[in-house]
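Contents: one structure, followed by commentary.
The values are calculated or read from the model by the stated rules, or taken from the named source; none is laboratory data. Everything numeric in this text was worked out from a predicted model, so none of it was measured. Cβ placement follows ideal geometry from the backbone for every residue including glycine, while neighbour counts extend to all protein chains displayed.
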């Protein structure tokens, strides 16, 4: 089945003349039609449009003819972009390609399918989507993680070759961990945010979800690069991220933050990560204990800054320019109120209210400014740590995937699932999650994710370590 293959393998098949881009698109479409009803990874897909692109694909390009699924918060010309929200589900069609989509097209890839997500990327289970629940293909009674749950579920369930996700506090890495695939968040500024519907602009970053580390490197080669449409895009050289794959890691220093190896981590998760540490040590890596002393401030800092930025970014959804517009409103103020009340779900409303409160007169200094100072402390912790080590290693998530609905009435517990991923976004660093084993829960083997974090703009070393570990297993 071509849908279960990797980008690297499919490209070899295309180059050898054994398969065509049309073959791949048809096989992925067949897999979606067979499996999406129970997994719920896709919100929509246009087979005819993808086939038309496949027939004219330039197969000499590095990604020529490979279909890539897209999280439904990135604009693709002529396709819906709902952000998993009722407010955009009724009548919005994207009039342009996001910067990341443009770059994938330059590499020859074909955007194919719109993937489910927590509404406006606010959540870690994909249960917050207004358009349906996505299930974990490893156990359909459990969540796939989020907010890029559709991306991870599609890749892990062989409904996609690879996918794009976005990561604000762990939204690529956490679902990749829970579903058992590879997900990387590049350094902030590496990938254009133009055309990505903003949640928290200083934290959001687009990245790939793939079946292997090599595929992530291949996609990063074409996702990264300067974009004048994005004021935060870095105008720096993009290396070949595949160049360091296969190099040994002997002598490389791997840091274990003592604040990350604590009580509260699921015993099976801890055992899997400890086994991964021993495996990396056997490959010649040097394991060192380090400290990130302000780790405990991470979640609280994030849940001040992210809602504050969301409050500002989501103000544009007012029922005037685009999106849902209440049909029962009287004056302008009532139109704003009813359109937003009807269009936004409960988690989005919660975060808008939190953010507006943080930014309001009398509370701005007490919350927002203090959170910015805490963010600086967290960033400085990583700077000091990277003077002693080359990468930092931790669990991606403290627990395996929980049951659907299990945390519905406990949002704080859900927020804490991102305790190891949030600091990476606050510091703007690259981080990858890849499978490192499984735990037995109620007779089902649930995946465990290993997180590897690198210095800013050092995705190459992160990928090198991840690939060495993946290949050794």
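General observations
- Filter result (in a loop (DSSP other than H, G, I, E, B) and under 22 Å from residue 266 (Cα atoms)) within segment 163-181: 169, 170, 171, 172, 180, 181
- Exclusive hit being assigned to a helix (DSSP H, G or I) and modelled with pLDDT of 95 or more, set 160, 153: 153
- Test for residue 65: is it farther than 21 Å from residue 199 by Cβ, touching a strand residue (DSSP E or B) at 6+ places or on another chain (Cβ under 8 Å) and in a loop (DSSP other than H, G, I, E, B): yes
- Tally of residues being under 21 Å from residue 413 (Cα atoms) and in contact with a helix residue (DSSP H, G or I) (Cβ under 6 Å, 6 or more places away or on another chain) across segment 326-369: 6
- Test: residue in segment 409-423 that is assigned to a loop (DSSP other than H, G, I, E, B), touching a strand residue (DSSP E or B) at 6+ places or on another chain (Cβ under 9 Å), more than 19 Å from residue 173 (Cβ to Cβ) and touching a residue at least 12 places away in the same chain (Cβ under 8 Å): no
- The residues on offer are 22, 105, and the sole one that is touching a strand residue (DSSP E or B) at 6+ places or on another chain (Cβ under 8 Å) and over 23 Å from residue 145 (Cα atoms) is 105.
- Residue list for segment 428-468, filter: assigned to a helix (DSSP H, G or I) and surrounded by fewer than 23 Cβ atoms within 10 Å (Cβ to Cβ): 460, 461
- Every condition in (1) touching a strand residue (DSSP E or B) at 6+ places or on another chain (Cβ under 6 Å); (2) outside any strand (DSSP E or B); (3) farther than 18 Å from residue 446 by Cα holds for residue 133 except the one numbered (1).
- Residue in segment 253-269 that is under 21 Å from residue 473 (Cα atoms), modelled with pLDDT of 95 or more and part of a loop (DSSP other than H, G, I, E, B) present: no
- Test set (1) in contact with a helix residue (DSSP H, G or I) (Cβ under 6 Å, 6 or more places away or on another chain); (2) over 30 Å from residue 354 (Cβ atoms) - residue 199 fails condition number: (2)
- Each residue in segment 305-348 was checked for being part of a helix (DSSP H, G or I), farther than 28 Å from residue 368 by Cβ and without any contact (Cβ under 8 Å) to a residue 12 or more places away in the chain, and 2 of them qualify.
- Given (1) in a helix (DSSP H, G or I); (2) in contact (Cβ under 8 Å) with a residue 60 or more places away in the chain; (3) closer than 30 Å to residue 357 by Cα, index of the condition residue 275 fails: (3)
- Which numbered condition residue 231 misses (of (1) more than 14 Å from residue 147 (Cα to Cα); (2) not in a loop (DSSP other than H, G, I, E, B)): (2)
- When the test is whether a residue is part of a helix (DSSP H, G or I) and either in contact with a helix residue (DSSP H, G or I) (Cβ under 6 Å, 6 or more places away or on another chain) or touching a residue at least 24 places away in the same chain (Cβ under 8 Å) (or both), residue 374 passes it.
- Candidates are the residues of segment 74-103 that are buried (at least 24 other Cβ atoms within 10 Å of the Cβ) and touching a helix residue (DSSP H, G or I) at 6+ places or on another chain (Cβ under 6 Å); the one that is farthest from residue 155 (Cα to Cα) is 87.
- Filter pass, residue 147 being farther than 20 Å from residue 450 by Cβ, in a loop (DSSP other than H, G, I, E, B) and touching a residue at least 12 places away in the same chain (Cβ under 8 Å): yes
- Residue count, segment 117-163 (criterion: buried (at least 24 other Cβ atoms within 10 Å of the Cβ) and touching a helix residue (DSSP H, G or I) at 6+ places or on another chain (Cβ under 8 Å)): 32
- Pairs where the first residue, in segment 244-256, is in contact (Cβ under 8 Å) with a residue 12 or more places away in the chain and on the phi > 0 side of the Ramachandran plot and the second is surrounded by fewer than 19 Cβ atoms within 10 Å (Cβ to Cβ) and assigned to a loop (DSSP other than H, G, I, E, B), C-beta under 9 Å, 6+ apart: 251/284
- Segment 1-24 residues that are modelled with pLDDT under 95, paired with ones that are surrounded by 14 or more Cβ atoms within 10 Å (Cβ to Cβ) (beta carbon under 9 Å, 6 or more apart): 1/27; 1/30; 1/31; 1/158
- Unmet criterion (only one of (1) in contact (Cβ under 8 Å) with a residue 12 or more places away in the chain; (2) part of a loop (DSSP other than H, G, I, E, B); (3) surrounded by fewer than 20 Cβ atoms within 10 Å (Cβ to Cβ)) for residue 221: (2)
- Taking the criterion of being under 26 Å from residue 130 (Cβ atoms), in a helix (DSSP H, G or I) and in contact with a helix residue (DSSP H, G or I) (Cβ under 6 Å, 6 or more places away or on another chain), the residues of segment 29-53 that qualify are 29, 31, 39, 47, 50.
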